[in-house]
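*Asks:* Handing you this structure, nothing more for now.
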Amino acid sequence: MVKHWRVNQEEKYEIVEKWFLKDLEMIDGKEADTDNPYFDMHFHKVYNLEAYSCASKYTFARTISKLNAMYLKKDLKIVNFDETYLNDDLMWSSSNRDCIVLMRICFYAFNLVCLSLCPLS
């Protein structure tokens with residue numbers, strides 16, 4: 001866990017706490033349907049954390065999932081996250097998943113514009 005603060009014009013970072021991936025039992029995104037940066041990490045106790053943004057929360061969860069799959073291959077629970085943004089093999093995945101939300105919005109907006117321009121018979 002890193003503490004971040006600003007002193008005058010300088011940004012400072014300090015490592016406050018470290019954990020082992022093997023001790024992580026679960027990551028709880030709290031609410032999959034809302035855009036919030038809060039999540040819980042369950043070790044021997046629960047730590048309530050806040051990411052810089054919702055996108056960085058999902059990036060963190062994807063990274064932890066990939067590290068777990070690569071090195072530990074244990075059953076790590078990742079709950080209350082939208083699966084569309086966590087898995088590589090889903091329809092909306094790409095190499096830069098943080099832009100996926102914008103792509104979806106543009107896709108739906110384009111469809112709405114097309115439908116609104118169609119004359120009614």
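Yes/no per residue for (1) of a type in the set (A, V, I, L, M, F, W, C); (2) in contact with a helix residue (DSSP H, G or I) (Cβ under 7 Å, 6 or more places away or on another chain); (3) closer than 30 Å to M103 by Cβ:
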residue	(1), (2), (3)
N8	no, no, no
K45	no, no, no
C54	yes, no, yes
F60	yes, no, yes
T63	no, no, yes
K66	no, no, yes
Y85	no, yes, yes
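*Asks:* Within region 2-33, how many residues turn out to be assigned to a loop (DSSP other than H, G, I, E, B) and surrounded by 10 or more Cβ atoms within 10 Å (Cβ to Cβ)?
*Replies:* 7
Residue-wise test of (1) charged (D, E, K, R); (2) modelled with pLDDT of 90 or more.
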{"position": "M1", "(1), (2)": "no, no"}
{"position": "K18", "(1), (2)": "yes, yes"}
{"position": "E25", "(1), (2)": "yes, yes"}
{"position": "K74", "(1), (2)": "yes, yes"}
{"position": "D88", "(1), (2)": "yes, no"}
{"position": "S94", "(1), (2)": "no, no"}
{"position": "M103", "(1), (2)": "no, no"}
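*Asks:* Moving on. Which of the residues belonging to region 34-80 are assigned to a loop (DSSP other than H, G, I, E, B), farther than 19 Å from L21 by Cα and out of contact with any strand residue (DSSP E or B) (no Cβ under 6 Å at 6 or more places or on another chain)?
*Replies:* Answer for region 34-80, where residues must be assigned to a loop (DSSP other than H, G, I, E, B), farther than 19 Å from L21 by Cα and out of contact with any strand residue (DSSP E or B) (no Cβ under 6 Å at 6 or more places or on another chain): T34, D35, N36, Y52, S53.
*Asks:* Return the pair list, or none, for Cβ contacts closer than 6 Å from residues in region 93-121 that are surrounded by 10 or more Cβ atoms within 10 Å (Cβ to Cβ) to residues that are at pLDDT below 75 and part of a loop (DSSP other than H, G, I, E, B), at least 6 apart or on different chains.
*Replies:* Final answer for the pair search is I100/W92.
The values are calculated or read from the model by the stated rules, or taken from the named source; none is laboratory data. Just so it is clear, the model here is predicted, and its values are computed rather than measured. Neighbour counts run over all protein chains shown; Cβ positions are idealised from the backbone, glycine included.
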